[in-house]
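What follows is a set of notes on a single structure, which appears directly below.
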Amino acid sequence: MNLGIELLPSECDVLVIGAGPAGSAAALTLARAGLSVVLVDQHAFPRDKVCGDGLIPDAHNALRKLGVLDAVMAQAQASGFVGCIGPRGGRVDVPGVLAVLPRKQLDHILCSAAVAAGARMFAPVRFTAPIEEGGAVIGATLYHGDTTREVRARWVLLATGAVPQALIAAGMSERQTPSGVALRGYVKNDAMVGRIDKLEIVWHRALSPGYGWIFPCRDGVFNIGVGIADSHDQRRDGKLTKRELNLRQVMDDFTRIYAPARELMQGGTLLGPMKGAPLRCTLEGARYSRPGLMVIGEAAGSTYSFTGEGIGKALEIGIHAAEAVLDGRNANASDANADPRAADAAVRAAFEASLLALKPRFDLYKRANFVNRHPWLADLLIWRARKSERLVRRMSGVLNETSNPGHLVTVKGLVRLFTE
Ligand SMILES: Cc1cc2nc3c(=O)[nH]c(=O)nc-3n(C[C@H](O)[C@H](O)[C@H](O)COP(=O)(O)OP(=O)(O)OC[C@H]3O[C@@H](n4cnc5c(N)ncnc54)[C@H](O)[C@@H]3O)c2cc1C
């Protein structure tokens, strides 16, 4: 773990840039299959990552597939519900397989598992530019301090998250502004243990076009934050108001309008500063691949727009990219005359197809943003759900990804809410 830049090898099979969930999931899958994998991150691990730390069912499934779910749950706070709270204070608890684990711990478990499987991790090491030959990426230039190194690789996987600099440097960025922004802090308040034992999401006019959350971690610590979806999209008048982009003001509003948030903050101790970070959503804003390089995780926009959840999909997409590389390698091994360019194109096509298969679900989450913009709809949905077991089951199906969010966020679906 955290090998120094001077030890970087000059070549490997796959170079993974970024050791968040996407990068570590890819590195782990590839290393387990016997490929030589170099994983680099600009920060030495364990490192903090600004996040709500909520693990929804897709994350549980991916962690299970990676073989690290038990290690994660040994440190996480498990929960069986997410409480949805509307502007008038109405609440419905939607059942789901949920947990909360600070990213410092989660990401450390994941990249340690990748290293245990044989990946070599170098940090702090920063990616500056791809190395190109004949239009294809054949490696990357990396640096730390005054040391620069070149690493050549059959594939480069860019897993650099929501900050666009690496995407821009790799020629993959289609949009530099984020899709959303969010702010979070950790508060220790032992008196609230047991009073907030579910993940809570709050909609209110004062928070619109965003929402607030409180997610319970272990040991009396709570992750509390606010997020704004579509933060940089043009409004009809061409710009957002200052209040909409002032997350600290939105956070103050959250503690003003939601009593448990106020009690948590007033009676608790903030552990470190509140920190903000961007989100990239809806599988938009970046090209997915070019010869020799694939973009994975939030760099490819893999966070859900409506809820800001992205750990599970980052893991899944990291696994998809790794599986595409492995399938391509197996196909090559079984055909000695295979044209390497065609084989690369097949790997990229398989990877891109896996993203496109997920795109309709991401689009529905983007459409669901109208609840963030019109929070009275949350009241309506909660009021209806309190009268209908069936609707709660359907909401739970969306959370568990066993049913389609179209039932809840399309006009047809809304009409059905009142006709069933
Ligand atoms: C405030 C907030 C709350 C959120 N809450 C939740 C939640 O509760 N649940 C959930 O599922 N999702 C949540 N998300 C979304 C979640 O954080 C992301 O979807 C997830 O982190 C994406 O994983 P990733 O591996 O793609 O990127 P990241 O986790 O961002 O990892 C990228 C890594 O790349 C490294 N890196 C970047 N540039 C370089 C470079 N040039 N060279 C080397 N390394 C580089 C970074 O240091 C980092 O370690 C939240 C996001 C925010 C901002």
**OP:** Please verify whether the stretch 30-42 includes one or more residues that are open to solvent by 10 Å² or more (accessible area, probe 1.4 Å) and either within 9 Å of the ligand (Cβ to nearest atom) or modelled with pLDDT under 95 (or both).
**Re:** yes
Original post:
Can you spot a residue in the stretch 369-376 that is exposed (fewer than 15 other Cβ atoms within 10 Å of the Cβ), more than 12 Å from residue 282 (Cα to Cα) and basic (Lys, Arg)?
Top reply: yes
Subject >> Among the candidates 93, 13, 107, 58, residue that is within 13 Å of the ligand (Cβ to nearest atom) and either at pLDDT below 95 or surrounded by fewer than 24 Cβ atoms within 10 Å (Cβ to Cβ) (or both) >> reply: 58
Subject >> Odd one out for residue 366, checked against (1) more than 16 Å from the ligand (Cβ to nearest atom); (2) open to solvent by 30 Å² or more (accessible area, probe 1.4 Å) >> reply: (1)
Original post:
Mind checking which residues of the stretch 142-166 are more than 9 Å from the ligand (Cβ to nearest atom), in contact with a Lys or Arg (Cβ under 9 Å, 6 or more places away or on another chain) and within 19 Å of residue 321 (Cα to Cα)?
Top reply: 154
Original post:
List the pairs whose first member sits in the stretch 334-351 and is closer than 17 Å to residue 290 by Cα, whose second member is modelled with pLDDT under 80 and open to solvent by 60 Å² or more (accessible area, probe 1.4 Å), and whose Cβ atoms are under 9 Å apart, counting only residues at least 6 apart or on separate chains?
Top reply: 343/335
**OP:** Scan the strands (runs of 3 or more DSSP E) fully inside the stretch 1-110 and keep the ones with 3 or more residues being under 30 Å from residue 380 (Cβ atoms).
**Re:** 77-85, 91-100
**OP:** Scan the stretch 122-141 residue by residue and report those that are touching a residue at least 40 places away in the same chain (Cβ under 8 Å), more than 11 Å from the ligand (Cβ to nearest atom) and among the hydrophobic types (A, V, I, L, M, F, W, C).
**Re:** 136, 137, 138
Subject >> Single residue of 180, 145, 210, 139 found to be within 15 Å of residue 40 (Cβ to Cβ) and buried (at least 17 other Cβ atoms within 10 Å of the Cβ) >> reply: 139
**OP:** Report whether or not residue 146 is more than 19 Å from residue 30 (Cβ to Cβ), free of Cβ contacts under 8 Å to residues at least 40 places away in the same chain and more than 21 Å from the chain's Cα centre (by Cα).
**Re:** yes
**OP:** Starting from residues that are at pLDDT 85 or above and among the polar types (S, T, N, Q), keep the ones in the stretch 323-361 and report whichever is least open to solvent (accessible area, probe 1.4 Å).
**Re:** 354
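Per-residue answers, yes or no, for (1) surrounded by 21 or more Cβ atoms within 10 Å (Cβ to Cβ); (2) among the charged types (D, E, K, R); (3) modelled with pLDDT of 95 or more:
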position	(1), (2), (3)
165	no, no, yes
185	no, no, yes
218	no, yes, yes
242	no, yes, no
246	no, no, no
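The values are calculated or read from the model by the stated rules, or taken from the named source; none is laboratory data. What you see is a predicted model; the values in this text were computed from it and never measured. A quick note on method: Cβ atoms are made from the backbone with ideal geometry, for glycine too, and the neighbour counts reach across all protein chains shown. Side chains are part of the model used for accessible areas, which takes the heavy atoms of the whole protein and leaves out ligands, DNA and RNA. Shrake-Rupley method; radii C 1.70, N 1.55, O 1.52, S 1.80 Å.
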